[in-house]
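Below: one structure, written as C-alpha cells.
The values are calculated or read from the model by the stated rules, or taken from the named source; none is laboratory data. All figures in this text were calculated on a predicted structure; none of them were measured in a lab. Note: areas computed on protein heavy atoms with side chains; ligands, DNA, RNA excluded. Shrake-Rupley method; radii C 1.70, N 1.55, O 1.52, S 1.80 Å.
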Amino acid sequence: MRTRIVLRRDSGFMDFTRKYKVLIDGEEAGTIGNGGRFETEVEAGSHTLQLRIDWCSSNLLEFFAPEGSQLGLECGSNLRGRNIWKASRLLDEAPEAWIWLRLAA
C-alpha cells in the first residue's frame, strides 16, 4: 500500500521565480514553485526528503510513511525580512539552510 505525500511551499519574495527540486530518497521526484503544491505517492516505510535550488538546499528530513495515509509537509525560504541581507553569508557558511522543510502541523 502507498502513502500520499503533500508538500506545500509558502509564498515569499526570495526565490519567487524559482522552483525547488524535490528529492525523495536522493532521487528527483519533481519541482515545486512559489506558493505551490507538490503531490506524489511513496511506498509505506522510511524515507528521506530534501529540496534543492542550485547549490543550496533544505535540511534532510527523515520520515516514516504509514501505510495508506497522507503525510503533509511544508517548506519555504529562510530568507525573510531582515534575514534577506544574510543571503551571501548563508551561501558561504550554510547553503543547506537556505530552505526550511518540516512536517505540517
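Check which residues have an amide H placed less than 5 Å from Leu71's amide H, if you skip close sequence neighbours.
Arg4, Ile5, Val6
Skipping prolines and chain starts, which residues have an amide H placed within reach, meaning under 5 Å, of the one on Leu60, given they are 5 or more residues away or on another chain?
none
Counting only protein heavy atoms, what percent of the accessible surface of region 15-67 is carbon or sulfur at a 1.4 Å probe?
Taking all protein chains in place, region 15-67 shows 46 percent carbon and sulfur surface.
Under the Karplus relation 6.51 cos²θ - 1.76 cosθ + 1.60, θ = phi - 60°, what is the ordered set of whole-Hz ³J(HN,Hα) values for region 42-59, x standing for Gly and Pro?
Each residue of region 42-59 in turn: 10, 5, 4, x, 7, 8, 10, 9, 9, 10, 9, 9, 6, 9, 9, 8, 9, 4 Hz.
Using 0.36 nm per residue, how much length does the chain from Glu74 to Phe16 gain when fully extended, once their Cα-Cα distance is taken away?
Full extension from Glu74 to Phe16 adds 19.3 nm.
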